[in-house]
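For reference, the structure is listed below as structure tokens.
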Amino acid sequence: MIKVAPSILAADMLHLYDEIQKVVSAGCDLLHVDVMDGHFVPNLSYGPDMVRGIHAAFPELKLDVHLMMDHPEEYIQRFAQGAWNITVHEEIEADLSELLDRIHECGVHTGISLKPATPVSRVVPLLSQADMILIMTVEPGFGGQSFQREMLGKLRELRRIGYQGLLEADGGLTLNNLPDLKQAGLDVAVMGTAIYRSEHPADDIRRIHSL
């Protein structure tokens, strides 16, 4: 069953509590929180206080925190106070092996994300330390982009080489392309506008769970 992780990047920030409650009531499995520093990607978003606040308001909700940051190593302990999973990018300069160990030491699951241009081969040495691999199916930083279909090959490659952790995809995911993503090995679908702008999110999530 594909797990659904609505991205609050697509939520109405003036009514965030209600927006989160809406997707929780609709049956989401995780909540995806995109953290952007304005350097790694040309956009700014939330910080660790937001993650802690959401966790305090929804303690049973698993927060899937995606750090699109040049220096996530400086913030791991703070984000770990509310996150269920912390994903960092392969493309940063930090020692990823050490960083993943630090995340695990905080009692949090680990993820590694790959931009569209980054080959799977770059992450192979780290697969044993990653609970999840996030394949970006658009360029990270902004919502509303079109799905890059060629990224299906990365999911298939990771399964082909024996990766047993969760495979997640983010960017332009819809009910139309999810069957192909599932066939390629997808476990977790990050969905922003497709869920938050849906007139019937609960029906859509049920359909996704039944794929």
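The values are calculated or read from the model by the stated rules, or taken from the named source; none is laboratory data. Since this is a predicted model, take the numbers as computed values, not measurements. Don't worry about glycine lacking a Cβ; one is built from the backbone with ideal geometry, like all the others, and counts go over all protein chains shown.
Table for the structure above
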{"read-out": "Residue that is nearest to HIS89 (Cα to Cα) [pool: residues in the range 1-51 that are in contact with a Pro (Cβ under 8 Å, 6 or more places away or on another chain) and part of a helix (DSSP H, G or I)]", "value": "VAL23"}
{"read-out": "Inter-residue pairs, beta-carbon under 9 Å, first at positive phi and in the range 144-163, second modelled with pLDDT of 95 or more and outside any loop (DSSP other than H, G, I, E, B), 6+ apart", "value": "GLY162/LEU127"}
{"read-out": "Any hit, the range 74-82, residues being assigned to a helix (DSSP H, G or I), surrounded by fewer than 18 Cβ atoms within 10 Å (Cβ to Cβ) and in contact with a Phe, Trp or Tyr (Cβ under 8 Å, 6 or more places away or on another chain)", "value": "no"}
{"read-out": "Residues within the range 151-169 that are touching a helix residue (DSSP H, G or I) at 6+ places or on another chain (Cβ under 8 Å) and either of a type in the set (A, V, I, L, M, F, W, C) or modelled with pLDDT under 95 (or both), tallied", "value": "6"}
{"read-out": "Number of the condition not met by GLN145 [criteria: (1) farther than 21 Å from MET1 by Cβ; (2) crowded, with 17+ Cβ neighbours inside 10 Å]", "value": "(2)"}
{"read-out": "Cβ pairs under 6 Å, 6+ apart, first in the range 94-117 and within 22 Å of THR137 (Cα to Cα), second of a type in the set (Val, Ile, Thr)", "value": "THR110/ILE103; GLY111/THR87; ILE112/VAL123; ILE112/ILE133; SER113/THR87; LEU114/ILE135"}
{"read-out": "Failed criterion for HIS55 (all others in (1) under 28 Å from ALA184 (Cα atoms); (2) part of a helix (DSSP H, G or I) hold)", "value": "(1)"}
{"read-out": "Matching option when the condition is at negative phi and buried (at least 20 other Cβ atoms within 10 Å of the Cβ), among LEU134, LEU126", "value": "LEU134"}
